[in-house]
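Here is the structure we will look at, set down as structure tokens.
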Amino acid sequence: MSSPAADANDLRSPHVALLPSSGAGHITPFLRLAASLLSQNCRVTLITSHPIVTQAESNLISSFLSSFPQVTEKQFHILPLDPASAASSKDPFFLQWESIRRSLHLLSSILSSLSPPLDAMVSDITLISSTITITKPMKIPNYVFFTSSAKMFSLFSYYSVVSESLADSTKISEIKIPGIGAIPRSSIPPLLLVPESLFATMFKSDSDNLRQFDGIIINTFDQLESKTLKALKAGEVAGGLPPLFNVGLIPNDFERKLGFGGEGAEAVSKWLDAQLAKSVVYVSFGSRTALSREQIRELGEGLVKSGYPFVWVMKDKAVDKEDGEKLEGVLGAEMMGEVKEKGIVVKEWVDQVEVLRHNSVGGFVSHCGWNSVVEAAWVGVPVLAWPLHGDQRINGEVVQGSGLGFMGGNWGWSGQVLVKGEEIGRRIKEMMEDEGLRLRAGEIRDEVRKVVGGTGDDGLKQLIQKWRA
Ligand code: UDP
Ligand code: UDP
Ligand code: UDP
């Protein structure tokens, strides 16, 4: 029997502040973490940084807050863009991360005003060097939420060891990470090979600062990367790291209630209902990756040539508010006609999990943003990996290694290679016709669902237990 003191401890609701950064790929897993914590009787304060870059992020946050009125939102107004950073990067999300980092000294007064006092803070990986300087003097335990794969985390935690030599291609053709194996130079996020880039600068200082944190949270499953998780937890990769908690975060109902599923999203849902089981290819490159016009047209040709019906979510600009061009303007009238005969294409947000879990969907052409990979595993849909930026090739290797899918080919980083329609069509066919792949994806889903979903999730339980203690 447990003691009365232990019972009281079990009932205590720890108060946790969540500090996401920018991009739907960061906001979404934070909000899913918040929903899981609420279901386990935690008190949650959500810190939102303003102005917000995309409409999708604003919509996700509003939908979450209206679904969970018990959450306290603290709006954090960040400093304006720094002209020197703007000169070094055009990426609106990197620039937003940099602005939030530069503003975080202003967060102390918000944190000290919270009642009851915080038991923990969870900080987005892109902000950690700045957030730790605020929470350390306030003695608030701070946890890193790494929003990509455990394999990418292994590179991140090992980065300070190799960063100096990386820039010189004659010195390093691969990085050998203890306990993990070799990551070829061609899979390393390209901006890490440019030491003066904004991304590489942040990555280096953050990697050095990891040891100051109280724990690392990663949204991943043993079914995707058990060997990597084991090596990380055993301390084989890099010494002195804080404890690692792998949590499995599942999609939540607030994502279904989004007010921005416009006409296109509605049409997708109706169209899917009319298709045969497992016959449809779903194509999306996430929330912030736009292909070149030329590549978009090759992709259109590939989809038509594959012979399978498709749902294609097209992005022509990284930031949704700037993506005003009509579909026909992007595709041209002729291709628009061909595409409309075989599939459905939209240029707006769709509820991706809702599409993936539709019985008609049989395959996913994905850039391998980590949330997309986790979602594919959760619903058991095979993936044709087409990584384009950053961590996506490393995530693609996880997809291939776990058997959830395979890499399209030597398709280069974004803009380096024009992948022809013919080849895209062939690879899509391969994915759709591979019965073994479909079975394996289904197995991953079944295995994941045995352990993930709140109460069965050891990582989440251990984390909350630590905060209650
Ligand atoms: N997403 C969505 N609908 C869209 C585009 C994206 O629901 O039209 C979601 C997707 O399900 C995932 C997130 O946005 O949860 C994108 O994150 P990911 O890590 O896959 O890629 P990123 O956008 O960060 O490149
Ligand atoms: N869920 C969601 N959006 C989706 C799919 C799932 O919000 O598109 C949530 C929802 O809360 C659901 C839970 O995830 O109850 C479990 O999802 P699952 O796909 O297992 O739903 P089921 O098929 O059991 O209805
Ligand atoms: N990018 C993207 N999706 C990602 C990460 C980056 O589309 O998940 C794009 C981003 O918008 C930017 C480019 O990749 O245009 C970053 O690469 P570049 O070498 O141009 O860096 P920059 O100097 O613009 O920061």
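The values are calculated or read from the model by the stated rules, or taken from the named source; none is laboratory data. Here the structure is a predicted model, which means the values were calculated and not measured. Note that we place each Cβ from the backbone using ideal geometry, even for glycine, and neighbour counts take in every protein chain shown. Calculation scope for accessible area: heavy atoms of the full protein, side chains included, ligands and nucleic acids excluded. Shrake-Rupley method; radii C 1.70, N 1.55, O 1.52, S 1.80 Å.
Computed values, structure above
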read-out	value
Within the stretch 43-55, considering residues that are touching a Ser or Thr at 6+ places or on another chain (Cβ under 6 Å) and open to solvent by less than 40 Å² (accessible area, probe 1.4 Å), the one farthest from Asp91 (Cα to Cα)	Thr45
Filtered residue count, the stretch 85-117, keeping only those that are open to solvent by 70 Å² or more (accessible area, probe 1.4 Å) and either under 23 Å from Pro195 (Cβ atoms) or not assigned by TED's automatic domain parsing to the domain that holds Lys136 (or both)	3
In the stretch 357-387, the residues that are more than 16 Å from Ile428 (Cα to Cα) and near ligand 1 (Cβ under 9 Å from one of its atoms)	Gly369, Trp370, Asn371, Ser372, Val373, Val374, Glu375
Residues being within 13 Å of ligand 3 (Cβ to nearest atom) and open to solvent by less than 10 Å² (accessible area, probe 1.4 Å) - total across the stretch 182-215	3
Conditions (1) within 15 Å of ligand 2 (Cβ to nearest atom); (2) in contact with a strand residue (DSSP E or B) (Cβ under 6 Å, 6 or more places away or on another chain); (3) open to solvent by 20 Å² or more (accessible area, probe 1.4 Å); (4) not hydroxyl-bearing (Ser, Thr, Tyr); number of the one not met by Lys233	(1)
Index of the failed condition, Met121 passing every other in (1) touching a residue at least 60 places away in the same chain (Cβ under 8 Å); (2) in a helix (DSSP H, G or I)	(2)
Residue count, the stretch 146-180 (criterion: assigned to a strand (DSSP E or B) and open to solvent by 30 Å² or more (accessible area, probe 1.4 Å))	2
Selection within the stretch 336-353 - in a helix (DSSP H, G or I) and open to solvent by 40 Å² or more (accessible area, probe 1.4 Å)	Glu338, Lys340, Glu341, Lys342
Condition met for Ala318 (assigned to a loop (DSSP other than H, G, I, E, B), in contact with a Ser or Thr (Cβ under 8 Å, 6 or more places away or on another chain) and open to solvent by 10 Å² or more (accessible area, probe 1.4 Å))	yes
Residue match in the stretch 354-365 (condition: away from ligand 2 (no atom under 16 Å from the Cβ), open to solvent by less than 40 Å² (accessible area, probe 1.4 Å) and either outside any strand (DSSP E or B) or closer than 27 Å to Ser22 by Cβ (or both))	yes
